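The structure appears below as structure tokens.
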Amino acid sequence: VTIATRGCPFACDYCTIPQMYQRRMRFRPVAEVVDEIKRMPGRALIFWDDNIGTNRAYAKELFAAIAPLKRWWTSQCTADMAFDDEFMSLAAKSGCKALFLGLETISQASLNVANKRHNRAADYGEVIRRFHAHGIAVQAGVIFGFDQDDRTIFRTTVDFYRSAGL
């Protein structure tokens, strides 16, 4: 386990990260991260970053630098990374096998109320398809119980994610 970045620029109402880091990002020098990884045993690696894709230029530099190490890794980022083909390609080539995405809910109204407007529920099927096309598994964070939800949200969510291949 290592950490390359800390923080997240978003302010989702239910998340502690904006409170902990005041929405400020911190980035370790890529060379320092690479040196640390070289000293770590095994092939598996977890980047315990809050949102590894926040600074896309940094993430792309990091992915290019770790690709020669032939490690496989996982982390977390936002769903919009699916639409950055260079990010996705570099992540896959660098050994990314899975990314945790805070999808939260398939209800756009609930996303909006929770101040997670950067997620577009209508895009979730395409997001999952794009991750899978690059050989990257999606680990979805899902929240039930938003005030806008009724009991149908449970079945609707399960049916949607099942049809999307999650």
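Descriptive notes on the structure:
- A P(r) calculated from all alpha carbon pairs of region 33-76, with 10 Å bins opening at zero, reads 25, 62, 13 percent.
- The aspartates and glutamates within cross-link reach of K60, meaning a Cα-to-Cα straight distance under 14 Å and a gap of 8 or more places when in the same chain, are D84, D85, E86.
- Legend note: in the chain, cysteines whose Cβ sits 4.7 Å or more from every other cysteine Cβ are C8, C77, C96.
- Scaling against 2.2 N^0.38 Å puts the C-alpha radius of gyration of region 1-89 at 1.09.
- Volume of the convex hull of region 58-139 (Cα atoms only), normalised per residue: 79 Å³.
- Considered as an equivalent ellipsoid built on the Cα gyration tensor, region 105-166 has semi-axes of 21, 14, 9 Å, the largest given first.
- Folded to 0 to 90 degrees: helix 56-66 orientation relative to the chain principal axis, Cα: 50 degrees
- Acute angle (nearest 10 degrees) that the helix 124-133 long axis makes with the longest principal axis of the chain, alpha-carbon atoms: 30 degrees
- Loop-located trypsin sites (Lys or Arg not before Pro) in region 80-132 (DSSP state other than H, G, I, E, B) with a sparse environment of at most 15 neighbouring Cβ atoms within 10 Å: R117, R120.
- Low-density loop positions, trypsin sites (Lys or Arg not before Pro), region 35-86 - DSSP coil, at most 13 other Cβ in 10 Å: R43, K70
- Calculated mean residue ellipticity at 222 nm for the chain: -10500 deg cm²/dmol, from DSSP H runs with n ≥ 4 weighted as -39500 (n - 2.57), summed, divided by the residue count and rounded to 500.
- Diffusion constant of the chain at 4 °C, which comes from Stokes-Einstein with the Kirkwood Cα-pair radius and 1.567 mPa s, µm²/s: 78 µm²/s
- Entry comment: accessible area of region 12-132 is 49 Å² per residue, from protein heavy atoms only and a probe of 1.4 Å.
The values are calculated or read from the model by the stated rules, or taken from the named source; none is laboratory data. All of these numbers come straight from a predicted model, not from anything done at the bench. Cβ atoms come from the backbone with ideal geometry, glycine included; neighbour counts cover every protein chain shown. These accessible areas exclude ligands, DNA and RNA; they are computed on the full protein's heavy atoms, side chains included. Shrake-Rupley method; radii C 1.70, N 1.55, O 1.52, S 1.80 Å.
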